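K.L.:
Got a structure for you, questions after.
None of the figures in this text is laboratory data; all of them are computed from the coordinates on show. Quick caveat: nothing in here was measured; it's all calculated off a predicted structure. Cβ placement follows ideal geometry from the backbone for every residue including glycine, while neighbour counts extend to all protein chains displayed.
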Amino acid sequence: MNAVRKRNNVQKNGILLVGASQGGAVSALTASRHPRHIGALALMYPAFSITADAQARYSSYSQVPNRPDIFGITVGKAYYRGLFDMDLTHDATKFNGPVLIVHGQADDTVPIRYSRQAQHNFRNATLKEIPNARHGFSGADLNRSIKYMDDFVDNLKS
């Protein structure tokens with residue numbers, strides 16, 4: 001965020017953060033922690049389930065192996081640091097500016113209930129649900145999500 005704010009072509013306090021899956025959760029957490037620098041959020045199938053998934057997989061941080069695997073990708077134990085002491089859906093939804101959330105109703109990686117709860121928690125959020133879409137959009141679902149984001153950005157300009 002600091003690197004982006006140093007650019008000459010950026011509104012210093014009006015940054016639009018866009019993130020998908022885990023990037024959506026990180027974007028929301030960043031906006032919640034630094035709200036004066038963020039103008040809006042656009043989140044595609046955000047992984048607000050990360051903390052619940054970690055807590056379901058391991059009973060505590062001490063139970064996490066040194067090289068755990070997430071969806072076939074090896075991560076370090078440090079990935080889990082802090083996940084046992086937070087509720088991401090609560091902690092990452094404190095941003096008060098405009099938020100767009102786009103989520104597939106058939107997402108079996110991050111169930112849509114997490115985005116529905118996030119929409120409820122945010123003060124100014126719109127949730128667009130895509131029927132039959134799974135985690136990670138393609139084809140018509142991707143085109144629909146891009147249209148939702150374009151409309152969202154256009155409304156920010158007006």
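K.L.:
Once amide H atoms are built 1.01 Å from N in the peptide plane, which residues 5 or more positions from ALA20, or in another chain, come under 5 Å H to H?
P.N.:
So ALA20 has HN proximity to MET44.
K.L.:
Multiply the residue gap between ASP151 and ASN124 by 0.36 nm, knock off their C-alpha separation, and tell me the result in nm, one decimal place.
P.N.:
8.1 nm
K.L.:
With a 10 Å radius around each residue's Cβ, average the other Cβ atoms per peptide and rank 62-71, 93-102, highest first.
P.N.:
Taking the mean over residues of other Cβ atoms within 10 Å, the ranking is 93-102, 62-71.
K.L.:
Would you work out if the stretch 19-61 is rounded, prolate or oblate? Take a ≥ b ≥ c from the square roots of the eigenvalues of the alpha-carbon gyration tensor; rounded if a/c is under 1.5, else prolate when a/b is larger than b/c, oblate otherwise.
P.N.:
It comes out oblate by the Cα gyration axes.
K.L.:
How many Å³ per residue does the convex hull of the Cα positions in the chain occupy? Can you show the working numbers first?
P.N.:
Working: hull volume 19.6 nm³, N = 158.
About 124 Å³ per residue, rounded to a whole number.
K.L.:
List, in order, the whole-Hz ³J(HN,Hα) value for each residue of the stretch 56-64 obtained from phi through the Karplus relation with A = 6.51, B = -1.76, C = 1.60 and θ = phi - 60°; use x for Gly and Pro.
P.N.:
6, 7, 10, 7, 6, 4, 5, 7, 6
K.L.:
Continuing with the same structure: Rounding to the nearest 20 debye, state how big the charge dipole of the stretch 1-66 is about its Cα centre with +1 on each Lys and Arg Cβ and -1 on each Asp and Glu Cβ. Mind showing how you got there, number by number?
P.N.:
On the way: 7 positive and 1 negative charges, 86 e Å.
Rounded to the nearest 20 debye, it is 420 debye.
K.L.:
Just how large is the dipole of the stretch 15-158 about the Cα centre, in debye to the nearest 20, putting +1 at every Lys and Arg Cβ and -1 at every Asp and Glu Cβ? Intermediate results must be reported in sequence, preceding the final value.
P.N.:
On the way: 15 positive and 12 negative charges, 58 e Å.
Once rounded to the nearest 20, the dipole reads 280 debye.
K.L.:
Mind checking the dipole of the stretch 36-113: about its Cα centre, +1 per Lys or Arg Cβ, -1 per Asp or Glu Cβ, Debye to the nearest 20?
P.N.:
Taking the Cα centre of the stretch 36-113 as origin, the dipole is about 240 debye.
K.L.:
Excluding residues on the same chain fewer than 8 positions from LYS128, give the lysines whose Cα lies under 21 Å from its Cα.
P.N.:
Candidates past the 8-residue exclusion: LYS94, LYS147, LYS157.
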